[in-house]
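Single-structure report; data block below.
The values are calculated or read from the model by the stated rules, or taken from the named source; none is laboratory data. All values derive from a computational prediction rather than experimental measurement. Here the Cβ positions follow ideal geometry from the backbone for every residue, glycine too, while neighbour counts run over all protein chains shown.
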Amino acid sequence: MASDTSWHPSASLKVIKQRASLLKQIRSFMNTREIIEVDTPILSHFGISDPYIESMTTSCAAESDALLYLQSSPEFCMKRLLAAGSGSIYQIAHVFRNEESGKRHNTEFTMLEWYHAGFDYYQLMNEVGELLIDIGLERPDKMTYADAFKQTLELNPHTAATSELQTLCKQHGWDDAIDDRHALLDFLFSQAVIKNLEQSKPLFIYDYPECMSALATLKQSEPIVSERFELFISGMEIANGFNELIDADEQVKRFESELTTRSNKGLAEPPIDKDFVAALRSGLPECSGVAVGIDRLLMVLSKKDDINEVSTFTLGSN
(Lines give C-alpha, C1' and ligand atoms only; values in the text may rest on other atoms or scores of the structure.)
Protein backbone atom coordinates (compact mmCIF):
# COMPACT_ATOMS: atom_id res chain seq x y z
CA MET A 1 0.00 0.00 0.00
CA ALA A 2 1.45 3.36 -1.03
CA SER A 3 2.05 5.75 1.84
CA ASP A 4 0.13 9.06 1.97
CA THR A 5 2.57 11.96 1.55
CA SER A 6 -0.03 14.75 1.24
CA TRP A 7 0.88 15.95 4.75
CA HIS A 8 4.46 16.74 3.68
CA PRO A 9 5.67 20.36 3.46
CA SER A 10 5.54 22.01 0.04
CA ALA A 11 9.15 23.18 0.41
CA SER A 12 12.13 20.93 0.94
CA LEU A 13 13.83 20.93 4.33
CA LYS A 14 16.83 22.57 2.63
CA VAL A 15 14.70 25.50 1.48
CA ILE A 16 12.94 25.74 4.86
CA LYS A 17 16.37 26.13 6.50
CA GLN A 18 17.33 28.65 3.80
CA ARG A 19 14.23 30.71 4.70
CA ALA A 20 15.25 30.69 8.36
CA SER A 21 18.75 31.86 7.40
CA LEU A 22 17.34 34.64 5.19
CA LEU A 23 15.10 35.95 7.99
CA LYS A 24 18.05 35.87 10.39
CA GLN A 25 20.17 37.87 7.91
CA ILE A 26 17.41 40.45 7.44
CA ARG A 27 17.01 40.92 11.19
CA SER A 28 20.78 41.29 11.62
CA PHE A 29 20.86 43.88 8.81
CA MET A 30 18.09 45.89 10.46
CA ASN A 31 19.59 45.64 13.94
CA THR A 32 22.92 46.98 12.66
CA ARG A 33 21.07 50.06 11.34
CA GLU A 34 18.94 50.44 14.51
CA ILE A 35 15.73 49.87 12.58
CA ILE A 36 13.23 48.49 15.10
CA GLU A 37 11.18 45.36 14.47
CA VAL A 38 7.47 45.88 15.17
CA ASP A 39 4.32 43.78 15.10
CA THR A 40 0.85 44.97 14.07
CA PRO A 41 -2.60 43.28 13.80
CA ILE A 42 -3.60 41.21 10.79
CA LEU A 43 -7.31 42.11 11.18
CA SER A 44 -8.76 45.58 10.61
CA HIS A 45 -12.12 47.33 10.18
CA PHE A 46 -10.65 48.91 7.04
CA GLY A 47 -9.72 47.39 3.71
CA ILE A 48 -7.66 48.88 0.91
CA SER A 49 -9.10 51.19 -1.74
CA ASP A 50 -6.53 50.30 -4.43
CA PRO A 51 -8.65 49.06 -7.38
CA TYR A 52 -5.90 46.64 -8.41
CA ILE A 53 -5.72 44.80 -5.07
CA GLU A 54 -8.58 42.82 -3.51
CA SER A 55 -8.69 42.43 0.27
CA MET A 56 -9.82 39.22 1.94
CA THR A 57 -12.59 39.47 4.52
CA THR A 58 -13.75 37.57 7.58
CA SER A 59 -15.84 38.01 10.73
CA CYS A 60 -15.65 37.02 14.38
CA ALA A 61 -17.93 36.72 17.43
CA ALA A 62 -16.38 39.75 19.16
CA GLU A 63 -17.30 41.94 16.17
CA SER A 64 -20.56 40.24 15.19
CA ASP A 65 -21.91 43.08 13.05
CA ALA A 66 -18.62 44.08 11.43
CA LEU A 67 -16.89 42.97 8.27
CA LEU A 68 -13.21 42.55 9.04
CA TYR A 69 -10.35 42.74 6.54
CA LEU A 70 -7.16 40.68 6.55
CA GLN A 71 -4.20 42.93 5.91
CA SER A 72 -2.93 43.13 2.34
CA SER A 73 0.03 45.03 3.82
CA PRO A 74 0.92 46.23 7.35
CA GLU A 75 1.49 49.72 5.89
CA PHE A 76 -1.26 51.75 7.55
CA CYS A 77 -0.61 50.51 11.09
CA MET A 78 3.14 50.96 10.64
CA LYS A 79 2.63 54.55 9.52
CA ARG A 80 0.54 55.13 12.64
CA LEU A 81 3.58 53.98 14.62
CA LEU A 82 5.80 56.36 12.64
CA ALA A 83 3.41 59.23 13.40
CA ALA A 84 3.57 58.27 17.09
CA GLY A 85 7.36 58.75 17.03
CA SER A 86 8.67 55.20 16.58
CA GLY A 87 11.53 56.17 14.28
CA SER A 88 12.67 53.77 11.53
CA ILE A 89 10.83 50.42 11.71
CA TYR A 90 10.36 47.12 9.89
CA GLN A 91 8.08 44.11 10.06
CA ILE A 92 8.09 40.59 8.61
CA ALA A 93 4.41 39.79 8.23
CA HIS A 94 1.96 37.40 6.61
CA VAL A 95 -0.33 39.28 4.22
CA PHE A 96 -3.39 38.26 2.23
CA ARG A 97 -4.68 39.21 -1.22
CA ASN A 98 -7.76 37.79 -2.90
CA GLU A 99 -6.21 36.96 -6.24
CA GLU A 100 -5.49 33.92 -8.36
CA SER A 101 -2.58 31.73 -7.36
CA GLY A 102 0.21 30.91 -9.76
CA LYS A 103 3.93 30.24 -9.94
CA ARG A 104 4.67 33.70 -8.51
CA HIS A 105 1.50 34.38 -6.50
CA ASN A 106 -0.08 32.91 -3.41
CA THR A 107 -3.18 34.23 -1.62
CA GLU A 108 -1.14 34.32 1.61
CA PHE A 109 2.50 35.33 1.44
CA THR A 110 5.29 36.83 3.54
CA MET A 111 6.22 40.49 3.24
CA LEU A 112 9.11 42.51 4.62
CA GLU A 113 7.86 46.07 5.08
CA TRP A 114 10.25 48.75 6.25
CA TYR A 115 10.33 52.51 6.66
CA HIS A 116 13.44 54.63 7.05
CA ALA A 117 12.71 58.00 8.64
CA GLY A 118 14.49 60.91 6.96
CA PHE A 119 15.39 58.89 3.84
CA ASP A 120 14.23 59.75 0.33
CA TYR A 121 13.54 56.99 -2.19
CA TYR A 122 17.02 57.22 -3.72
CA GLN A 123 18.59 56.60 -0.31
CA LEU A 124 16.19 53.72 0.33
CA MET A 125 17.02 52.15 -3.05
CA ASN A 126 20.67 52.21 -1.99
CA GLU A 127 19.78 50.61 1.36
CA VAL A 128 17.78 47.86 -0.36
CA GLY A 129 20.86 47.32 -2.55
CA GLU A 130 22.99 46.91 0.58
CA LEU A 131 20.56 44.28 1.88
CA LEU A 132 20.87 42.35 -1.38
CA ILE A 133 24.66 42.37 -1.10
CA ASP A 134 24.36 41.17 2.52
CA ILE A 135 22.34 38.11 1.45
CA GLY A 136 24.68 37.23 -1.42
CA LEU A 137 23.16 39.01 -4.44
CA GLU A 138 24.58 41.80 -6.61
CA ARG A 139 23.99 45.53 -6.18
CA PRO A 140 21.11 46.49 -8.52
CA ASP A 141 21.37 48.66 -11.60
CA LYS A 142 18.93 51.58 -11.95
CA MET A 143 16.73 52.69 -14.87
CA THR A 144 13.82 55.10 -15.12
CA TYR A 145 10.39 53.82 -16.10
CA ALA A 146 10.52 56.05 -19.20
CA ASP A 147 13.89 54.66 -20.31
CA ALA A 148 12.62 51.10 -19.89
CA PHE A 149 9.72 51.82 -22.27
CA LYS A 150 11.93 53.67 -24.73
CA GLN A 151 14.44 50.78 -24.87
CA THR A 152 11.82 48.10 -25.49
CA LEU A 153 8.85 49.80 -27.19
CA GLU A 154 10.37 53.08 -28.42
CA LEU A 155 7.55 54.81 -26.55
CA ASN A 156 7.38 57.58 -23.94
CA PRO A 157 4.91 56.21 -21.36
CA HIS A 158 4.34 59.64 -19.82
CA THR A 159 3.23 61.39 -23.01
CA ALA A 160 1.79 58.62 -25.22
CA ALA A 161 -1.93 58.96 -25.93
CA THR A 162 -4.24 56.45 -24.26
CA SER A 163 -5.41 55.33 -27.72
CA GLU A 164 -1.78 54.57 -28.63
CA LEU A 165 -1.41 52.47 -25.49
CA GLN A 166 -4.61 50.58 -26.33
CA THR A 167 -3.32 49.80 -29.82
CA LEU A 168 -0.04 48.47 -28.41
CA CYS A 169 -1.88 46.37 -25.83
CA LYS A 170 -3.96 44.77 -28.59
CA GLN A 171 -0.74 43.98 -30.48
CA HIS A 172 0.53 42.17 -27.38
CA GLY A 173 -2.59 40.09 -26.81
CA TRP A 174 -5.09 42.25 -24.89
CA ASP A 175 -7.88 42.27 -27.47
CA ASP A 176 -10.41 44.31 -25.50
CA ALA A 177 -7.99 46.81 -23.91
CA ILE A 178 -10.01 49.17 -21.70
CA ASP A 179 -9.78 52.93 -21.30
CA ASP A 180 -7.72 52.81 -18.09
CA ARG A 181 -4.27 54.34 -18.42
CA HIS A 182 -2.91 52.66 -15.29
CA ALA A 183 -4.10 49.22 -16.43
CA LEU A 184 -2.80 49.73 -19.98
CA LEU A 185 0.67 50.76 -18.81
CA ASP A 186 0.75 47.93 -16.28
CA PHE A 187 -0.10 45.39 -18.99
CA LEU A 188 2.52 46.72 -21.40
CA PHE A 189 5.15 46.83 -18.68
CA SER A 190 4.55 43.23 -17.60
CA GLN A 191 4.06 41.74 -21.08
CA ALA A 192 6.40 43.75 -23.31
CA VAL A 193 8.85 45.78 -21.25
CA ILE A 194 10.26 43.94 -18.25
CA LYS A 195 10.48 40.64 -20.18
CA ASN A 196 12.66 42.24 -22.84
CA LEU A 197 15.08 44.28 -20.73
CA GLU A 198 18.62 43.06 -20.27
CA GLN A 199 18.82 41.96 -16.62
CA SER A 200 22.14 40.34 -15.86
CA LYS A 201 21.87 42.00 -12.41
CA PRO A 202 18.98 43.02 -10.15
CA LEU A 203 17.31 46.15 -11.53
CA PHE A 204 15.52 49.12 -9.97
CA ILE A 205 12.89 50.78 -12.16
CA TYR A 206 11.97 54.22 -10.77
CA ASP A 207 9.98 57.40 -11.45
CA TYR A 208 6.66 55.82 -12.38
CA PRO A 209 3.81 57.71 -14.12
CA GLU A 210 1.63 60.02 -12.04
CA CYS A 211 -1.37 57.68 -12.43
CA MET A 212 0.60 55.02 -10.51
CA SER A 213 1.35 57.20 -7.50
CA ALA A 214 -0.78 55.29 -4.91
CA LEU A 215 0.72 56.43 -1.59
CA ALA A 216 3.80 58.07 -3.10
CA THR A 217 4.81 61.72 -3.41
CA LEU A 218 4.92 63.35 -6.83
CA LYS A 219 8.02 64.95 -8.32
CA GLN A 220 7.17 68.36 -9.77
CA SER A 221 9.11 67.69 -12.95
CA GLU A 222 8.07 67.76 -16.58
CA PRO A 223 6.28 65.44 -16.89
CA ILE A 224 5.21 64.93 -13.27
CA VAL A 225 6.31 61.49 -12.04
CA SER A 226 5.65 59.39 -8.98
CA GLU A 227 8.61 59.09 -6.60
CA ARG A 228 8.32 55.33 -6.61
CA PHE A 229 10.59 52.39 -7.40
CA GLU A 230 10.31 48.67 -7.96
CA LEU A 231 13.03 46.02 -7.79
CA PHE A 232 13.15 43.26 -10.40
CA ILE A 233 15.36 40.19 -10.49
CA SER A 234 15.27 38.11 -13.70
CA GLY A 235 12.04 39.83 -14.69
CA MET A 236 10.27 39.09 -11.39
CA GLU A 237 9.05 41.94 -9.18
CA ILE A 238 10.64 41.64 -5.74
CA ALA A 239 9.98 44.99 -4.06
CA ASN A 240 7.88 48.16 -4.33
CA GLY A 241 8.89 51.41 -2.59
CA PHE A 242 8.01 55.10 -2.38
CA ASN A 243 8.74 58.48 -1.00
CA GLU A 244 5.78 58.36 1.38
CA LEU A 245 2.95 60.85 0.99
CA ILE A 246 2.48 62.83 4.23
CA ASP A 247 -0.28 65.24 3.10
CA ALA A 248 -3.55 63.95 4.64
CA ASP A 249 -5.85 65.97 2.37
CA GLU A 250 -4.10 64.77 -0.77
CA GLN A 251 -4.19 61.19 0.52
CA VAL A 252 -7.95 61.37 1.15
CA LYS A 253 -8.46 62.72 -2.40
CA ARG A 254 -6.54 59.74 -3.78
CA PHE A 255 -8.52 57.28 -1.67
CA GLU A 256 -11.78 58.82 -2.89
CA SER A 257 -10.59 58.67 -6.50
CA GLU A 258 -9.65 54.99 -6.06
CA LEU A 259 -13.08 54.25 -4.55
CA THR A 260 -14.72 55.90 -7.56
CA THR A 261 -12.67 53.64 -9.84
CA ARG A 262 -13.71 50.62 -7.77
CA SER A 263 -17.34 51.67 -8.05
CA ASN A 264 -17.06 52.04 -11.82
CA LYS A 265 -15.56 48.54 -12.00
CA GLY A 266 -18.33 47.08 -9.83
CA LEU A 267 -15.90 46.27 -7.02
CA ALA A 268 -16.53 46.45 -3.28
CA GLU A 269 -15.81 49.84 -1.70
CA PRO A 270 -14.16 49.39 1.71
CA PRO A 271 -14.34 52.28 4.20
CA ILE A 272 -11.41 54.71 4.28
CA ASP A 273 -9.13 54.04 7.24
CA LYS A 274 -9.97 57.00 9.47
CA ASP A 275 -7.24 56.11 11.98
CA PHE A 276 -4.59 56.20 9.27
CA VAL A 277 -5.87 59.57 8.03
CA ALA A 278 -5.84 60.88 11.61
CA ALA A 279 -2.23 59.75 11.95
CA LEU A 280 -1.32 61.65 8.78
CA ARG A 281 -3.04 64.77 10.12
CA SER A 282 -1.09 64.50 13.37
CA GLY A 283 2.16 64.56 11.38
CA LEU A 284 3.87 61.68 9.61
CA PRO A 285 7.63 62.31 9.47
CA GLU A 286 9.23 62.49 6.04
CA CYS A 287 10.30 58.97 5.16
CA SER A 288 10.53 56.34 2.47
CA GLY A 289 9.18 52.82 2.68
CA VAL A 290 9.45 49.56 0.78
CA ALA A 291 7.64 46.23 0.70
CA VAL A 292 9.76 43.19 -0.22
CA GLY A 293 8.29 39.81 -1.15
CA ILE A 294 10.18 37.34 1.04
CA ASP A 295 8.92 34.29 -0.85
CA ARG A 296 10.01 35.66 -4.22
CA LEU A 297 13.37 36.69 -2.80
CA LEU A 298 13.78 33.15 -1.52
CA MET A 299 12.87 31.85 -4.99
CA VAL A 300 15.83 33.81 -6.37
CA LEU A 301 18.23 32.61 -3.68
CA SER A 302 17.16 28.96 -3.93
CA LYS A 303 16.86 29.03 -7.74
CA LYS A 304 13.24 27.85 -7.68
CA ASP A 305 10.70 28.91 -10.29
CA ASP A 306 7.51 28.13 -8.34
CA ILE A 307 6.48 29.95 -5.15
CA ASN A 308 5.05 26.68 -3.76
CA GLU A 309 8.60 25.30 -3.69
CA VAL A 310 9.60 27.95 -1.12
CA SER A 311 6.36 27.95 0.93
CA THR A 312 6.30 25.62 3.93
CA PHE A 313 2.67 24.70 3.23
CA THR A 314 0.13 25.96 0.70
CA LEU A 315 -3.67 25.99 0.71
CA GLY A 316 -3.63 22.86 -1.41
CA SER A 317 -1.57 20.98 1.17
CA ASN A 318 -3.05 22.01 4.54
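Only a single criterion out of (1) over 26 Å from residue 218 (Cα atoms); (2) at pLDDT 95 or above is not satisfied by residue 84, namely (1). Can you confirm whether segment 3-16 contains a residue that is under 19 Å from the mean Cα position of the chain (by Cα), surrounded by fewer than 18 Cβ atoms within 10 Å (Cβ to Cβ) and either under 28 Å from residue 127 (Cα atoms) or of a type in the set (D, E, K, R) (or both)? No, segment 3-16 has no match at all. Here residue 261 fulfils each of the conditions (1) part of a strand (DSSP E or B); (2) touching a residue at least 60 places away in the same chain (Cβ under 8 Å); (3) of a type in the set (S, T, N, Q) apart from (1).
Only a single item in (1) of a type outside the set (A, V, I, L, M); (2) assigned to a loop (DSSP other than H, G, I, E, B); (3) in contact (Cβ under 8 Å) with a residue 60 or more places away in the chain; (4) over 29 Å from residue 267 (Cα atoms) is not met by residue 103, and it is number (4). Here residue 230 meets each of (1) more than 17 Å from residue 188 (Cα to Cα); (2) under 12 Å from the mean Cα position of the chain (by Cα); (3) not aromatic (Phe, Trp, Tyr) with one exception, condition (1).
Here is a yes/no grid of residues against (1) free of Cβ contacts under 8 Å to residues at least 40 places away in the same chain; (2) surrounded by 13 or more Cβ atoms within 10 Å (Cβ to Cβ); (3) within 22 Å of the chain's Cα centre (by Cα); (4) not in a helix (DSSP H, G or I):
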position	(1), (2), (3), (4)
85	yes, no, no, yes
94	no, yes, yes, yes
115	no, yes, yes, yes
160	yes, yes, no, yes
175	yes, no, no, yes
185	yes, yes, yes, no
